[in-house]
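This report refers to the structure that appears directly beneath it.
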Amino acid sequence: MEWFWCHSALHLRFQHGPERSLTHGCRRRRLHVRVMSLAIPAAQPVLLIEEKLSAAEATTPVTRRTALNAVHRRMGAKMVEFNGWDMPVEYPSAGGIIAEHNAVRNGVGIFDVSHMGDIRLQGPEALAAVQHISMNDASRLAIGQAQYSAMLYPQGTFVDDVIVHRLGDDDYLLVINAGTREKDFNWVRDNTRQFKCKVENLSDDFTQIAVQGPKGVDLLQKLTDAHLSAVKFYWVTRGTVCGLKNILIARTGYTAEDGFEIYVPADEATSAMVWHRVLEAGKEFGAIPCGLGARNTLRLEGKLPLYGHEISDTINVWEAGLDRFCKMEKPEFIGRAALEKAKSAGMKRTLVGLEMVERGIARDGYKVLDDNGREIGYVTSGSYAPFLKKNIALAYVPPEFGDIGSTVKVEIRGQGVKAQIVPTPFYKRPKKA
Amino acid sequence: MSYPADFKYTKEHEWIKSDGKNATIGITTYAQESLGDIVFVDLPKPGSEINAGKTFGSVESVKAVSDLYAPASGTVTEVNGELATAPEKINKDAHGSWMIKLTLKNPGEVNGLLSATDYEKFVAEEGGH
């Protein structure tokens, strides 16, 4: 794999604070030099960036490629390793991260998200199985409806976040993160043995393409016979797409915009055909290919959590502020008891949104300080926000520091730089008239 | 990519243009391309001393933080204020976007740096340009 845009001479350095225990069972690997990856870098300030590996990669060291890998490379994409996958981070020919980000906000952008995982649960007790492992209430799902949820450890902390889709009477699809594919599948399989249902890992069966932005529906409608205007946000349908029959089309995404995700056969020829036809159909809407760089800045503006950052196996649901996706009225699910205890014990930390007031960019792992320079927390994700044109971040701080409007400092290269706690999400897509 | 013949270059991808007494410093177009959209530049104040081979500031793109290494030692006389509000100028024209000007402490230091041809060769080996 060529390190196209990251070389020793640039001495990329990444400053951050003390180790935050993140993914369970991970190990650290010292890399020659890397661009800051989307996964969390490690403990002490170093001249080289250390990349924390997920448990999945610890056991499967070979870097994986999606079916569209050759296509991305031919398009001149800058490639980066993300959680064991060789993925495009941006496409210079499309204009780079900022252009890609704003294409999604203003028109439409196309992402290869095939690295995500897919687990299907089918059988008479599939719903019961899902209810056991998922914190949201899947019994509320009509056929064709989806919901955001998470799978929790008995301690009430996160195995992963997930989108649960109800495909049929007793047929559920869980779409999970790339870095936790194996861990999640093992978790689901091991914790649903008591239910009459089949658990399948379909992660390698699909090329998943995300068509995101206000013009996404117009673009995709050109390629399908499905009536997309009838598909509400977080609902799914099936239709012929690019001549392929019975394709799952979900009105879901990770960009805080309207958009769709389509699941097509994972062979290279079909995947490339669909990718190119989507871009071609999108030309009139200004569609461009978008990489993981823009994917991260888009989800950050929308305060969408990223595993290993805002959520992890040491963070619980209340701290992460995901209460509304956690249905405590369900009598049972893994983690429920611990969450109840945690609720009465009170929160030790809370996730807040920061906007930099003084010059500087708060980055993942940077320390958060009070006005006296005392360390009170840390940044989970931070970046320049291309649409908002501000430097924003999410951070964990003790609840007493979490009031909107209060100021804190972020330690950037040894200096405390002023930031203000702001309401989140930082960006909300405009409501259609 | 073409690299001005009247500049000298470092392996850390800075350029320096010297007249023997004073010099101007920036980063190369290879560096800006590698970084991507530049969104933040942190430069020293006029009057600061910088030392050859040591960091004198940093440049940040959306995805990366990168130190700037001084090609030569000296005292900073001017800082390009435009870059505080329009850092993307570096992406548009890296060789035309100066970062700092300085009076050189040891003008001879510049002679040991890479010529445009040597830098071009170095970059070709590094990244295949």
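To keep it simple, each residue is scored yes or no on (1) surrounded by 14 or more Cβ atoms within 10 Å (Cβ to Cβ); (2) farther than 22 Å from A:ILE412 by Cα; (3) of a type in the set (A, V, I, L, M).
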{"site": "B:ALA70", "(1), (2), (3)": "yes, no, yes"}
{"site": "B:GLY74", "(1), (2), (3)": "yes, yes, no"}
{"site": "B:THR85", "(1), (2), (3)": "no, no, no"}
{"site": "B:THR103", "(1), (2), (3)": "no, yes, no"}
{"site": "B:ASN106", "(1), (2), (3)": "no, yes, no"}
{"site": "B:LEU113", "(1), (2), (3)": "yes, yes, yes"}
### Matching residues in the range A:331-367 - criterion: being more than 14 Å from chain B (Cβ to nearest Cβ), closer than 20 Å to B:GLU60 by Cα and in contact with a Lys or Arg (Cβ under 7 Å, 6 or more places away or on another chain)
A:GLU355, A:VAL357
### Task
Give the number of residues within the range A:380-423 that are within 14 Å of chain B (Cβ to nearest Cβ) and hydroxyl-bearing (Ser, Thr, Tyr).
3
#### Entry: Count - residues of the range B:1-27 that are within 14 Å of chain A (Cβ to nearest Cβ) and at pLDDT 95 or above
8
### Breaking point among (1) surrounded by fewer than 17 Cβ atoms within 10 Å (Cβ to Cβ); (2) under 23 Å from A:ILE97 (Cα atoms); (3) among the charged types (D, E, K, R); (4) within 13 Å of chain A (Cβ to nearest Cβ), for B:GLU125
(2)
#### Entry: Cross-chain or 6+ apart pairs with Cβ under 7 Å, the range B:101-117 first and more than 20 Å from B:GLY57 (Cβ to Cβ), then of a type in the set (A, V, I, L, M, F, W, C) and surrounded by fewer than 17 Cβ atoms within 10 Å (Cβ to Cβ)
B:ALA116/B:ALA5
### Message
Tell me yes or no: at least one residue of the range B:76-84 is under 27 Å from A:TYR91 (Cα atoms), among the hydrophobic types (A, V, I, L, M, F, W, C) and facing another protein chain (nearest Cβ under 9 Å).
### Response
yes
### Summary
Every listed condition ((1) surrounded by 18 or more Cβ atoms within 10 Å (Cβ to Cβ); (2) out of contact with any His (no Cβ under 9 Å at 6 or more places or on another chain)) holds for A:LEU173 save (2)
### Message
If A:ARG166 meets every condition in (1) buried (at least 21 other Cβ atoms within 10 Å of the Cβ); (2) within 19 Å of the chain's Cα centre (by Cα) apart from one, which number is that one?
### Response
(2)
### Task
Name, by its number, the condition in (1) under 27 Å from B:THR117 (Cβ atoms); (2) assigned to a helix (DSSP H, G or I); (3) more than 10 Å from chain A (Cβ to nearest Cβ) that does not hold for B:TYR30.
(3)
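The values are calculated or read from the model by the stated rules, or taken from the named source; none is laboratory data. Since the model is a prediction, treat every value here as computed from it, not as a measurement. Every residue, glycine as well, gets a Cβ built from its backbone with ideal geometry; the counts of neighbours run over all protein chains shown.
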